[in-house]
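The values are calculated or read from the model by the stated rules, or taken from the named source; none is laboratory data. This structure is a prediction, so every number in the text was calculated from the model and none was measured. As a convention, Cβ positions derive from the backbone with ideal geometry for all residues, glycine included, and neighbour counts pool all protein chains shown. With ligands, DNA and RNA removed, areas are computed over all heavy atoms of the protein, side chains included. Shrake-Rupley method; radii C 1.70, N 1.55, O 1.52, S 1.80 Å.
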Amino acid sequence: MIAFQRVAHTFGGVRALAGIDLEVAEHEFVAVIGRSGCGKSTLLRIAAGLLTPSRGRVLVAGEEVTAPCRDVSLMFQRPALLPWRSVLANVLLPAEVLGLGEQRSRAHELLELVGLGGFEERLPHELSGGMQQRVSLCRSLLQDPGVMLMDEPFSALDAITRTELSEELQRIQREQPRTVLFVTHSVDEAVLLADRVVVLSPRPGRVHEITDVPLARPRALGRAELDEVSRAVRASLGEVTA
Amino acid sequence: MKAVLPVLGLLAIVGAWWLATIVFRVDPFLLPSPGDVAGSFLELPGYLLEQTLVTSWEAVAGFALSVVIGVPIALLVVGSTVLERMFYPLLVALNAVPKIAVAPLVVVWFGFGIGSKVLMVVLVCIFPIVISTASGMRSTPNELVELFRSLAASRAHEFFKLRLWHALPQIFVGLKVSITLAVVGAVIGEFVGARAGLGYVISTSGASADTSLAFAAMALLAVVSVVLFYALVLLERKLVPWAEERRVV
Ligand SMILES: Nc1ncnc2c1ncn2[C@@H]1O[C@H](COP(=O)(O)OP(=O)(O)O)[C@@H](O)[C@H]1O
Ligand SMILES: [Mg+2]
């Protein structure tokens, strides 16, 4: 579904990515982990069509990415909500901009799904950080994307909210699987959510090691099998950060 | 209750002024007492209110025109680097010209009627509006811009659904600066050549040595400025309720 082919990127003189080769299968959930500054956000922005790589190319559904498209959604570390719009109007933004027609009832469903039923008319600043990020998740889902790119979507949240949201994400993913590329700082989160965990080496980023997570779902944090995989990923991370 | 303190402040100043005119026996030609000023107003209340309306109308019309012209200019400047390079320096240079120096020319071109006053108002008002709108639109967080880009948003969407909205709180800063300047602009225009308006009253009262009439006109100008300013503040509260809580990006 997503194929990075020798993707390299240089900002001015700074080499951010050095030759990334990575394939993400349809409905596969791949977590990307690595030191800050190793080019994870750059990788996602290239996949989203916001940035043209200096070298190499990215294919989504077999087609080279040259511009943003409807089938790919991007979610950020911060909720990135429009403060002047109500929760509902924020969720409906993709429908307006992409011209998807009437999506109100779907927006209501999505908000219901993440436990925000009844908050439709609130303004973002009236919501907690976790609720705001849920709104942002609904906004991504409204677009009904085949591919979701998520850039540390939970890392600004407190531990409890974070766990809740990753459980919700698992549930949503089970109900309707999508292809997800998920950047995170947390090994546990990566192992909990992903089919495979990609460890990037520090700048310039390249694929250091890929660890499979061959565990049945639903998964819950703190299980022994998860810890085993987490240890493997930590070891791999240790190699690159040492 | 919030009105109590400003009113007390006003009363204190007026009281001190009154006291000073009595204690130092100031010649009313130099500094009339508040009583003299009120007397002047009560002699010609209808006339003065009419002049107040003239000046207010000039200020409001010029201000509205500045918004109508200034916001699109800001959109163009932010939207096109070429236009920005071509015209922004010119705009800055234009703004550096003291408006009072242009006033006689404006009157020569547009006559003694309301047109020249409105133009003067536009000249003083437009710059703060263009600047605040443009800088507000430019300061849109990169994340939000990327969000729009990732949705394949058109330039029109990016401007009208994002940048302009994001700029609103800053636009209001510019509007509040402009609205007080608007009254000043109208008065400058009236000083130079007019047949009506509070500025006209002030300049003619100078010729007839009627200082208390000039003071009455000034007091009315102050009232007009305050009323217009707070009308904008109210509008801002209604239009940008989220801006008071800027925790969210
Ligand atoms: N727009 C940019 N201009 C210049 N350098 C950038 C830009 N964006 C990112 N970089 C640099 O590229 C490197 C990778 O950045 P990023 O992809 O944001 O890393 P990560 O998300 O892994 O923390 C960093 O060194 C960063 O400073
Ligand atoms: Mg990043």
**OP:** Please calculate the 1.4 Å probe accessible area of B:F87, with all protein chains present, and give it to the nearest 10 Å².
**Re:** 100
**OP:** Would you rank A:R234, A:R217 by solvent-accessible area, highest first, keeping every protein chain in place and using a 1.4 Å probe?
**Re:** A:R234, A:R217
**OP:** With a 1.4 Å probe on protein heavy atoms only, work out how much accessible surface A and B bury together, total over both chains, in Å² to the nearest 100.
**Re:** 2300
**OP:** Taking the Cβ of A:A61 as the centre, find all other residues whose Cβ is under 9 Å away and add up their charges (Lys, Arg: +1; Asp, Glu: -1).
**Re:** -3
Original post:
For peptide B:151-159, how many partner chain Cβ atoms fall within 10 Å of a residue's Cβ, on average?
Top reply: 4
**OP:** Please work out the average accessible area per residue across the range B:107-249, using the 1.4 Å probe convention, and give it in Å².
**Re:** 43
**OP:** Using only Cα atoms, locate the centre of the range A:32-83 and the centre of the range B:147-170, then give the distance between them in Å, rounded to an integer.
**Re:** 20
Original post:
Among all helices in chain B defined by DSSP H, which have a length of 27 Å or more along the axis from Cα atoms plus a Kyte-Doolittle mean of at least 0.5?
Top reply: B:4-23, B:45-79, B:114-138, B:164-192, B:211-239
Original post:
Are there GluC sites (Glu not before Pro) in the range A:1-110 that DSSP marks as loop and that have at most 16 other Cβ atoms within 10 Å, and which are they?
Top reply: A:E26, A:E102
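For A:R85, A:R15, A:R55, give the ranking by accessible area with the largest first, probe 1.4 Å.
I get A:R55, A:R15, A:R85, largest accessible area first.
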Subject >> For chain B, built as a Gaussian network whose Cα springs stay under 10 Å, the top-fluctuating residue of B:G185, B:G39, B:G115 >> reply: B:G39
Original post:
When the helices in chain A are scored as -39500 (n - 2.57) per DSSP H run of 4 or longer and the sum is shared across all residues, what 222 nm value do you end up with, to the nearest 500 deg cm²/dmol?
Top reply: -10500 deg cm²/dmol
Subject >> Heavy atoms of B:L65: accessible area, 1.4 Å probe, square angstrom to 10 >> reply: 80
**OP:** Take the Cβ-Cβ distance between B:W57 and B:K2 as r, set R0 to 25 Å, and report the resulting FRET efficiency rounded to the nearest 0.05.
**Re:** 0.25
Original post:
In the range B:192-213, which residues have a backbone nitrogen under 16 Å from the label point lying 7 Å from B:W17's Cα in the Cα-to-Cβ direction?
Top reply: B:202, B:211-213
Subject >> Local electrostatic count at B:E236 - Lys and Arg +1, Asp and Glu -1, tallied over other residues with Cβ under 11 Å >> reply: +2
Subject >> Under 21 Å from B:K176, Cα to Cα: lysines that are on another chain or at least 8 residues apart >> reply: B:K2, B:K99, B:K117, B:K238
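Share of the range B:45-238's accessible area from carbon and sulfur, percent, 1.4 Å?
75
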**OP:** Just report the Cα centroid separation between the range B:194-249 and the range B:52-99, whole Å.
**Re:** 20
**OP:** Quick one: accessible surface of B:W165, probe radius 1.4 Å, all protein chains present, in square angstrom to the nearest 10.
**Re:** 100
